[in-house]
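Chemist: Once you've had a glance at the structure underneath, I'll fire off some questions.
Just so you know, all these numbers are worked out from the coordinates, no wet-lab data involved. Keep in mind that what you see is a predicted model, and the values were worked out from it rather than measured. Note that each Cβ is placed from the backbone with ideal geometry, even for glycine, and that neighbours are counted across all protein chains shown.
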Amino acid sequence: RIITHRVQFQTTIQAAMNDRRVESLGPQLQAFIREKQALCQPENIHICDGSQEENEYMVNQMIESKMMKRLPLYEDCFIVRTDPADVARVESKTFICTDRREDTIPTPALGVEGKLGKWESPETMREKLFDESFERFPGCMKGRTMYVIPFCMGPLGSPLSKIGVQLTDSLYVVSSMRIMTRMGAEVMNRLDDNNFVRCLHSVGQPLPAPDTGYVWPCNPEKTVITHFPATREIVSFGSGYGGNSLLGKKCLALRLGSVMARDEGWFAEHMLIMGITNPAGEKRYIAAAFPSACGKTNLAMLNPTLPGWKAECVGDDIAWMKFDENGVLRAINPEFGFFGVAPGTNMSSNPNAMKTVTKNTVFTNVAERSDGGFFWEGLEKEIPPNVAITDWLGNENWSKDSGKPAAHPNSRFCAPIDQCPVMDPAWEDPAGVPISALIFGGRRPQGMPLVYEAFNWQHGVFVASSMRSEATAAAEHKGKVIMHDPFAMRPFFGYNFANYIKHWLSFEDKPNLQLPKIFHVNWFRKGSNGKFLWPGFGENTRVLDWIFRRCDGQEDIATPSPIGLLPKPDALNLEGLGKIEMEELMSVPKEYWLDEVQAIRKYFNDQLSTDVPSQITQELDNLEERVKQS
Ligand code: SAT
Ligand code: MN
């Protein structure tokens, strides 16, 4: 907020030039910009070219206004602290706006609250966003600059990629979008004026802003994140936080993405993508779905502990996948950076992430050390002695004894993808990488074995639909409840989940497709002593090894159980591991699973009511029967 005269003056000149440049843009884009300019009444317009100079200029502005701070221990790393009321996605304020409610959300049973997204009619939502009386967009950029960000999700020129234009009044968003997406002049050159996703974002605080004690502008009371699939529009107000404000990510790549995928016959999924090479030099790619903050980034950057294995990263959060003309499922990562959870990341859990984030990285809500470095929970053993720590709220001399975390549990690093030392050679291949296996999983402290394989595609779709996981800090949920999170997509469905299941099921009937095998994994099972039964992290290679060999289909290494195919005893390579309670880790307790069947049935009946696809009911009945027989 403390903008020096010099910076303001420069901004004015640069933006005036940019304002003239608007006239050189295509008529549709021009109309979009002019309409929103008239609505938001910014002081200036700045068309982002994505250059290094531009970024330096913006970072300097943020530093001068005290919104951002350099972390001098590293090369071009910065720290940002949000308003404590603006630290995560807000699912309760995230809407999909379609004419008919049933296009967006399933109709729950009578008296039951729907938990599969929020709907509003486009007319009502537009009024709430754009009508003066609701005090959101009209005049919201007064005193601020409106930045125009042309961005591409996916490799430039890939037939699978999509281009969007985001208008925002947040410099943090511009800088972060530059890391997370391909952004700038090159995208603008390729933009089809008749086909781009329109994104509008404001932090919701015209200048001069009220003094909240934080330099992070936001407006939590008025926050809404809205999507208009019919017109391919995204409108977000009041929050500067990642998933709410970097509109290419969850809003475009998953919510609108899933709608486009349904219409065009592909998949937009909350999945990491990685390549694995066995000691014989054979390579396969897998895609894996886990809810936010369940270790996608760690698995995507895994350092194999089994000798001779290699793992390479294509993406850590989102996969766009389409069957090619040979029936092979091909995946691209639409993103260009990592927006990863910081706490828990360290040299033993994820050394590749640690190597990725020591330059050109923006940290949000982590703690800061007196030697100019970062700190978060999990780094205790990796920092020099006697450094003082300032917590994410700005309290100096933080100590563990305070009982409060130094970094916010959902604090993040935002780092350029090509800095990761284990990127796959094909990570930017416009054709995508061929997927052999799809993996689903969550945090399941009880009852759920380390790994099992679905009997077939339909059963796999059922397994993914009935996924559950312990709640994490990535959204506003409280406590450690086990939540249903189908496909790890519950916060990200762009249309009715019942239809989403049908979309997945429909591929079984299409001719000549090489349908990937489907697996379920659980790294988080705990023993009766409350301790994790599986070491996880690099040791997960042992599970990937089994999955890899199952894809080959040459060996006799699987055995049927009521819930799916389990590794035969001794089929998992445990060489060199300490004692693992394999029986406990792989068990399928009958009582637990009878309860699980009840919970899943109740969930489907409650949430989808009469819309439950018949194949799902059939799979559920079969599961129940098999568990009862066991
Ligand atoms: O905040 S984000 O939605 O970008 C990250 C996540 O929850 O997966
Ligand atoms: Mn995610």
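Chemist: Compute the distance in nm between two label points, each set 7 Å from the Cα along the Cα-to-Cβ direction, one at GLU35 and one at GLU325.
Modeler: 3.8
Chemist: Under a plain spin-label model, where a point goes 7 Å from the Cα along Cα-to-Cβ, how far apart in nm are LYS480 and SER348?
Modeler: 2.0
Chemist: Just to confirm the filter: which GluC sites (Glu not before Pro) across the range 547-630 are DSSP coil and have at most 15 other Cβ within 10 angstrom of their Cβ?
Modeler: Details: sites: GLU555, GLU575, GLU581, GLU583, GLU584, GLU591, GLU596, GLU619, GLU624, GLU625; in loops: GLU555, GLU575, GLU581.
When the GluC sites (Glu not before Pro) of the range 547-630 are filtered for loop state and at most 15 Cβ neighbours within 10 Å, GLU555, GLU575, GLU581 remain.
Chemist: Right, something else. I'd like the FRET efficiency for TYR57 and PHE134, computed as 1/(1 + (r/R0)^6) with the beta carbon distance as r and R0 of 35 Å, rounded to 0.05. Write down the numbers at each step before the final one.
Modeler: On the way: r = 34 Å, r/R0 = 0.98.
Once rounded, the FRET efficiency stands at 0.55.
Chemist: Now for a different question. For the range 487-555, what ratio Rg/Rh do Cα atoms give with a Kirkwood hydrodynamic radius?
Modeler: Values: Rg = 17.0 Å, Rh = 15.6 Å.
Ratio of gyration radius to Kirkwood radius: 1.09.
Chemist: Could I have the simple spin-label model distance between ARG20 and SER65, label points 7 Å from Cα toward Cβ, reported in nm to one decimal?
Modeler: 2.5
Chemist: Of all trypsin sites (Lys or Arg not before Pro) in the range 502-562, which ones are in loop regions per DSSP and have a Cβ with at most 14 other Cβ atoms within 10 Å?
Modeler: Those that pass, being in a loop and sparsely packed, are LYS531.
Chemist: What is the local net charge at MET347, summed over the other residues whose Cβ is closer than 11 Å to its Cβ (Lys, Arg +1; Asp, Glu -1)? Provide the component values of the computation, followed by the final result.
Modeler: Values: positive: LYS355, LYS381; negative: GLU382.
The answer is +1.
Chemist: Please report the spacing between the Cα centers of the range 125-181 and the range 355-412 in Å, no decimals.
Modeler: 30
Chemist: Please give the length that would be gained between THR305 and LEU515 if that part of the chain were fully extended, namely 0.36 nm times their separation in residues minus their C-alpha to C-alpha distance (nm, one decimal).
Modeler: Numbers: separation 210, 0.36 × 210 = 75.60 nm, distance 2.91 nm.
So the extension gain works out to 72.7 nm.
Chemist: If you don't mind, another one. What number, rounded to the nearest 500 deg cm²/dmol, is the helix-based mean residue ellipticity at 222 nm of the chain, given -39500 (n - 2.57) per DSSP H run of at least four residues and division by all its residues? Spell out each step's value before the answer.
Modeler: Working: 17 runs with 168 residues, N = 630.
-8000 deg cm²/dmol, from helical runs alone.
Chemist: On to the next question. Which of THR345, THR212 comes first, and how do the rest follow, when ranked by fewest Cβ neighbours within 10 Å? Before the final figure, lay out each step's value.
Modeler: Values: THR345 24, THR212 14.
Going from sparsest to densest Cβ surroundings: THR212, THR345.
Chemist: Could I ask something else about it? What length, rounded to one decimal in nm, is gained on full extension from ALA109 through to ASP418, with 0.36 nm per residue of separation minus their alpha-carbon distance? Provide the component values of the computation, followed by the final result.
Modeler: Numbers: separation 309, 0.36 × 309 = 111.24 nm, distance 4.73 nm.
106.5 nm is the gain from fully extending ALA109 to ASP418.
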